[in-house]
Amino acid sequence: MLEYYETIIVGGGPAGSSCAWKLKKQGKEALIIDKEAFPRLKLCAGWISSRVMEMLEFTPDEYPHSMLTMHTQLYIAPIPFPVVSSWMLPWRKDYSIRRIEFDHWLLQRSQAPVKTHQVKKIERQGEHYIIDDKYECKYLVGAAGTGCPVRRTFFPDRRVSEKLIVTLEKEFEYPQRNNNTQIFFNDHGLQGYSWYAPKGNGFLNLGLGAVSSYFVQSKTNLHDHFRWFLKDLVKRRLLDEKTSQELKPAGHGFYIFTNQGEVKKDNCFLIGDSAGLATIDLAEGIRASVESGLLAADEILGNSQYTKTKIDKFSLNRVVRWLLRA
Ligand SMILES: Cc1cc2nc3c(=O)[nH]c(=O)nc-3n(C[C@H](O)[C@H](O)[C@H](O)COP(=O)(O)OP(=O)(O)OC[C@H]3O[C@@H](n4cnc5c(N)ncnc54)[C@H](O)[C@@H]3O)c2cc1C
């Protein structure tokens, strides 16, 4: 016997939970299926712009976990001082959250029923979609990140390999961390950036990301760059030597925005990383995930059409982009 829901969302990250939240707000319930039980680990620097909260209609005061206002300094090697600092961009407000807390809270806030199940097989039967011979729906939303099974099944892979961002990241307790978020562009020639991101409750997130093609051209790899990054942090007295030697980062890949590729077909939608929507300049993915989730919900509700063109491709304004050559 199949379990029927009008809408099923595969993936309970920010994209999936935002879509479910919007549907629920308008009186429609969706089932979320995620392979992981929440709270779950998600590799991410955890930077969110204020737009994320505006779209999801909450304020920092309403968020029950730690959220820091970011004081950011952007460096571009070889310039030894910050080229851009938060105080130069008074119109911007950025925050730092821990994804393990944030995603769980968004999922609970959506009030969607959640099943823990890894989706493997999806078929179209007439007007409906059948998932693993267990679940059936009229509207199917793919929100399961880069390897989303909805994408694999219904959307021919038009992803452009030059748009693949590869990363290494580690989040850990480090109460003696510096309070400024520091972003380093072009370090050791990296076509991307590394980050030192303080979190609430004494946590620190370190990582780096770059377009995958850079590593082929430069004959370096992510681990080389991560090692160099840690050494530089020790030199800058942002990290102690012992900790730098013990850190074991993990990696994940995702795609930045391109005009190629569809995000919907019949009653099936791709949102968030499954659609490859992170911003072109800073690879900010959470905002686009939320935005696309809300747009897909709007189309299911019959309010408006979900198209890629409605999603903002950039995080920074033109002047800052020019400064960073991003
Ligand atoms: C190291 C790193 C740092 C980043 N830093 C930032 C940042 O600071 N700010 C920012 O805005 N963006 C950042 N991003 C990008 C951001 O993390 C993503 O764009 C965002 O998480 C995408 O959200 P999503 O909901 O589409 O996917 P996800 O958050 O990845 O959620 C997908 C969900 O689908 C589930 N799933 C996967 N496969 C299946 C399956 N077969 N069946 C059922 N469930 C499945 C997963 O368990 C997961 O819970 C970063 C990315 C990385 C890798």
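Rounded, prolate or oblate, given the Cα gyration tensor of the range 130-238, with a/c below 1.5 counting as rounded?
Details: a/c = 3.71, a/b = 1.68, b/c = 2.21.
Taking the square roots of the gyration eigenvalues as a ≥ b ≥ c, the range 130-238 is oblate.
Less than 5 angstrom separates the built amide H of residue 94 from those of 70, all sequence-distant by 5 or more or on a different chain. Each residue was assigned an accessible area with a 1.4 Å probe, and for residue 135 the value is about 10 Å². Taking 307, 153, 59 in turn, the Gaussian network model of the chain (Cα-Cα springs below 10 Å) assigns the largest fluctuation to 59.
Taking Cα atoms only, the orientation of helix 286-300 departs from the longest principal axis of the chain by about 10 degrees. Candidate cross-link partners of residue 138 among the lysines, defined by an alpha-carbon separation under 25 Å and a same-chain spacing of 8 or more, comprise 22, 24, 25, 28, 35, 115, 120, 121, 264, 265, 308, 310. Dividing the helix sum by the residues of the chain, where each DSSP H run of 4 or more adds -39500 (n - 2.57), gives a mean residue ellipticity at 222 nm of -7500 deg cm²/dmol. Restricting the range 160-230 to trypsin sites (Lys or Arg not before Pro) that sit in a DSSP loop and have at most 16 other Cβ atoms within 10 Å of their own Cβ leaves 219.
Is there a quick way to get the dipole size of the chain? I mean about its Cα centre, with the Cβ of Lys and Arg at +1 and of Asp and Glu at -1; what is the value in debye to the nearest 20?
Working: 44 positive and 37 negative charges, 138 e Å.
Rounded to the nearest 20 debye, it is 660 debye.
Would you mind classifying the range 197-326 by shape? Square roots of the alpha carbon gyration tensor eigenvalues, ordered a ≥ b ≥ c; an a/c under 1.5 is rounded, otherwise it is prolate if a/b is larger than b/c and oblate if not. Prolate, because a/c is 1.5 or more and a/b exceeds b/c. Along the axis of the charge dipole computed for the chain (Cβ charges of +1 for Lys and Arg, -1 for Asp and Glu, origin at the Cα centre), the listed residues 9, 30, 285 are led at the positive end by 285. Rounded to the nearest 10 degrees, the inclination of helix 14-25 to the longest alpha-carbon principal axis of the chain is 50 degrees. Remind me, relative contact order of the range 1-41 in percent, using alpha carbon pairs under 8 angstrom and six or more residues apart? After rounding, I find 45 percent.
Rounded to the nearest 20, the size of the Cβ-charge dipole of the range 1-148 about its Cα centre is 220 debye, with Lys and Arg at +1 and Asp and Glu at -1. In degrees, nearest 10, range 0 to 90: what is the angle between the Cα axis of helix 222-235 and the longest Cα principal axis of the chain? Once rounded, the angle reads 40 degrees.
Think of a 1.4 Å ball rolled over the protein heavy atoms: the range 43-128 then has 54 Å² of accessible area per residue. For the range 34-138, trypsin sites (Lys or Arg not before Pro) are listed when DSSP marks them as loop and at most 12 other Cβ atoms sit within 10 Å of their Cβ; the list is 120, 121.
Give me the percent of the accessible area of the range 72-205 that comes from carbon and sulfur atoms, probe 1.4 Å, all protein chains in place.
Numbers: 3110 of 6210 Å².
That share works out to 50 percent.
The values are calculated or read from the model by the stated rules, or taken from the named source; none is laboratory data. Keep in mind that what you see is a predicted model, and the values were worked out from it rather than measured. Note that we place each Cβ from the backbone using ideal geometry, even for glycine, and neighbour counts take in every protein chain shown. We work out accessible area using only protein heavy atoms, side chains counted, and drop any ligands, DNA or RNA first. Shrake-Rupley method; radii C 1.70, N 1.55, O 1.52, S 1.80 Å.
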